[in-house]
1. Restricted to the range 67-80, and to residues that are more than 12 Å from the chain's Cα centre (by Cα) and within 13 Å of ASP10 (Cα to Cα), which residue is surrounded by the most Cβ atoms within 10 Å (Cβ to Cβ)?
2. Is there any pair with a first residue in the range 65-80 that is farther than 18 Å from THR38 by Cβ and at pLDDT below 95 and a second that is in a helix (DSSP H, G or I) and not aliphatic (A, V, I, L, M) whose Cβ atoms are under 9 Å apart and which are 6 or more apart or on different chains, and what are they?
3. If a residue counts only when it is within 10 Å of the chain's Cα centre (by Cα) and not hydrophobic (A, V, I, L, M, F, W, C), which strands (runs of 3 or more DSSP E) contained entirely in the range 11-56 have at least 2 such residues?
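The values are calculated or read from the model by the stated rules, or taken from the named source; none is laboratory data. Computed from a prediction, not measured in an experiment: that's the story for all the values here. Here the Cβ positions follow ideal geometry from the backbone for every residue, glycine too, while neighbour counts run over all protein chains shown.
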Amino acid sequence: MLATRVRLSDLPEGALATFDQADVDLPMQRLLGSLGFTAACQVRLCKSGEPFIVRVRSSRIGLSRALAAAIYVIPTNGSI
């Protein structure tokens, strides 16, 4: 069974997921990578809204709603 990708902005608060990809331009991909959004890293949605607060590795990062909607993750079993 294939894992289902969802937008980071669609996760419920507290959900744990694995980063899959971001549908953004190359400069933003590089910025996200420097913030820790790298292949298969674990992320947790701490707070929905504006901004979305996401834990990536050991950092908490604030993201705009538009950026959170452009990031795709694979929810960990039981997170949705």
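1. Among them, the one singled out is SER79.
2. ILE80/ASP10
3. Where strands (runs of 3 or more DSSP E) fall fully within the range 11-56 and carry at least 2 residues being within 10 Å of the chain's Cα centre (by Cα) and not hydrophobic (A, V, I, L, M, F, W, C), they are 16-22, 42-47.
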